[in-house]
Amino acid sequence: MDINTATQTIANDKAAFDAFAKEVLGTEYQDPNSLAWLETAFGLWTQRFNAIVANGVPHENWGVGRLDAVGMIFNRLTGLDIGPPPSNLLVANIKPADAPVRYPFLWNAAIQDYTQWPGFAANGSDLLGLARNVGEVYGVFGEFAPKKEKWSLLGYDYLAGNSVNFSGLSTLEGLIKKMGPPKYPFPVDQALAAQGAVVFNRTGNNGCADCHSIQPGKSRLFNKTWRTPILDVGTDSRQYDVMSWTASTGVMQGARIPFLNDKLGKTEPSIDILTVAVAGSILQHYGSILLDTRENGASLKAAAPTADAKTASIPELRLKNNLRELKEAFPRSRGEGRTVMKKTAPDGSTAFKYESRVIQGIWATAPYLHNGSVPTLADLLKPAAERPAQFNVGRDYDIEKVGLASSQSGVSSTTVTTGCENRNSGNSRCGHEFGTTLPDAEKRALLEYLKTL
């Protein structure tokens, strides 16, 4: 907000812009062309930045290590990238990003068979990892300006003005594969931890292994993965409101939906627009493919190797050979394999499912639950009504409770939560009431064991 206020002042105050231009241009300040270029470029930047900040970022619901990631991906893509040039803005597509989640931990992320907090993204292979990362780049800082192009294989040029470094993203995903969980840096009572292991490995509501132990996941083109159960355990439901967003498709109206004999209409689910943007970009980048439309939809056939195939890296060659796997990268709102993100049962109840990850390194990932609404693992073992209604988020750690210390020094923010009476607040501490009836001695043992994972 401070940056937006400052840049709006510069853009709308002639004296302020003049002083800014002198600092930026230096000796080129006297050149009228340079001055005109800066005024145009800066004006567009401030217009776009103001649009996303003024319409999509409710800072009061965010905080240290917590933001509405999916909402901002949708806002950034549909609000800033697919409108008419030169601004590419569609301000009406930008909505309040009010479903904050905590940053997920990166270690072991590459081998989950599903990912994203609602578990909507298939995962566990080079291509699926690339799709996940391209979508995140578009939602954070990437440049994306698709253009209709009748000569293009896909009918659009998704790479003109596209800043995604595909090779770099593949390299980063390779590094994530090598990343292991951090080792607990403080002393551990090994005898007590051994007792906690027994509790952890129980089945049912007073154990953890059913959902959080290492189990074989869905095979991804011969890659071994870890099972990631997607369950409704009563936690905050707000992110499902975001998953049901729709948006005007702007310049992408009529864009072909990969692997389907269908096109984007004037208004579509935001997740479908993201799917086309990501899949279209990857298909064009690894472009030695032919789209062959058949009665049962579109299929992909590998074409003759391109000139750079001989020098391509092994991961890149694997990506080229397995492009059909993109079909699983995101939810599908139409066609075979359709995924409905919000399901209403006959009795009117609604299932709001989130991923249950293998929890190695869980001691280092406070606050807990997908929306970061519980400060410590000790608090998570209490009924929702007994969990803190407010707490500070920062770097200071509580060894006994395993999580955030009650007081924080340095950079911090305050999270104010709601209970089960308002599960859809975005800040609800409700749900995941597993282990809450354990005896205190078993809770202490379980906490000690979780430090060792």
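Of everything in the range 371-408 that is β-branched (Val, Ile, Thr) and not in a loop (DSSP other than H, G, I, E, B), the residue that is surrounded by the most Cβ atoms within 10 Å (Cβ to Cβ) is Val374. The condition (being touching a helix residue (DSSP H, G or I) at 6+ places or on another chain (Cβ under 7 Å) and closer than 26 Å to Ser248 by Cβ) is satisfied by just one residue among Gly155, Gly124, Gly139: Gly139. Scanning the range 427-444 for residues that are more than 17 Å from Pro388 (Cβ to Cβ), touching a residue at least 24 places away in the same chain (Cβ under 8 Å) and in a loop (DSSP other than H, G, I, E, B) yields Phe434, Gly435, Thr437, Leu438. One residue alone among Val24, Val57 is closer than 23 Å to Val137 by Cβ and not aromatic (Phe, Trp, Tyr), and that residue is Val57. When you look at Asn33, is it more than 30 Å from Gly410 (Cα to Cα), surrounded by fewer than 12 Cβ atoms within 10 Å (Cβ to Cβ) and at pLDDT 95 or above, yes or no? In short, yes.
Of the residues in the range 286-307, at least one is modelled with pLDDT of 50 or more and not acidic (Asp, Glu). Among residues that are open to solvent by 60 Å² or more (accessible area, probe 1.4 Å) and touching a residue at least 24 places away in the same chain (Cβ under 8 Å), Ala97 is not included.
For residues in the range 57-76 being under 15 Å from the mean Cα position of the chain (by Cα) and farther than 14 Å from Gly426 by Cα, which is surrounded by the fewest Cβ atoms within 10 Å (Cβ to Cβ)? In this case the residue turns out to be Gly65. Out of all the residues in the range 129-145, which are open to solvent by 10 Å² or more (accessible area, probe 1.4 Å) and at pLDDT 90 or above? Across the range 129-145, the qualifying residues are Arg132, Asn133, Glu136, Val137, Glu143, Ala145. Among the residues of the range 253-262, is any open to solvent by 10 Å² or more (accessible area, probe 1.4 Å), touching a strand residue (DSSP E or B) at 6+ places or on another chain (Cβ under 6 Å) and among the aromatic types (Phe, Trp, Tyr)? Checking the range 253-262: at least one residue is open to solvent by 10 Å² or more (accessible area, probe 1.4 Å), touching a strand residue (DSSP E or B) at 6+ places or on another chain (Cβ under 6 Å) and among the aromatic types (Phe, Trp, Tyr).
Scanning the range 183-205 for any residue that is of a type outside the set (Ser, Thr, Tyr), at pLDDT below 90, touching a Gly at 6+ places or on another chain (Cβ under 9 Å) and open to solvent by 60 Å² or more (accessible area, probe 1.4 Å) turns up at least one such residue. Residues in the range 409-426 that are open to solvent by 60 Å² or more (accessible area, probe 1.4 Å), out of contact with any helix residue (DSSP H, G or I) (no Cβ under 6 Å at 6 or more places or on another chain) and not in a loop (DSSP other than H, G, I, E, B): Thr414, Val416, Glu421, Asn422. Residue check: is Gly56 modelled with pLDDT under 95 and not charged (D, E, K, R)? Criteria met by Gly56.
For Gly119, the criteria (1) surrounded by fewer than 24 Cβ atoms within 10 Å (Cβ to Cβ); (2) modelled with pLDDT of 95 or more; (3) in a loop (DSSP other than H, G, I, E, B) hold in every case but one, which is (2).
You will find that of Phe42, Phe20, the residue that is more than 34 Å from the chain's Cα centre (by Cα), at pLDDT 95 or above and crowded, with 17+ Cβ neighbours inside 10 Å is Phe20 and no other.
Here is a yes/no grid of residues against (1) without any contact (Cβ under 8 Å) to a residue 60 or more places away in the chain; (2) basic (Lys, Arg); (3) out of contact with any Leu (no Cβ under 8 Å at 6 or more places or on another chain):
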residue: Leu130; (1), (2), (3): no, no, no
residue: Tyr156; (1), (2), (3): no, no, yes
residue: Thr171; (1), (2), (3): yes, no, yes
residue: Leu192; (1), (2), (3): no, no, yes
residue: Thr203; (1), (2), (3): yes, no, yes
residue: Phe222; (1), (2), (3): yes, no, yes
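Restricting attention to the range 100-111, the residues being surrounded by fewer than 23 Cβ atoms within 10 Å (Cβ to Cβ) and either among the polar types (S, T, N, Q) or in contact with a strand residue (DSSP E or B) (Cβ under 7 Å, 6 or more places away or on another chain) (or both) number 3. Here Phe222 fulfils each of the conditions (1) open to solvent by 50 Å² or more (accessible area, probe 1.4 Å); (2) touching a His at 6+ places or on another chain (Cβ under 8 Å); (3) not small (Gly, Ala, Ser) apart from (2).
The values are calculated or read from the model by the stated rules, or taken from the named source; none is laboratory data. Note that the coordinates shown come from a computational prediction; the quantities given were computed from them, not determined experimentally. Cβ sites come from the backbone with ideal geometry, for glycine too, and all protein chains shown count toward neighbours. Protein only, heavy atoms only, side chains kept; ligands, DNA and RNA dropped before computing areas. Shrake-Rupley method; radii C 1.70, N 1.55, O 1.52, S 1.80 Å.
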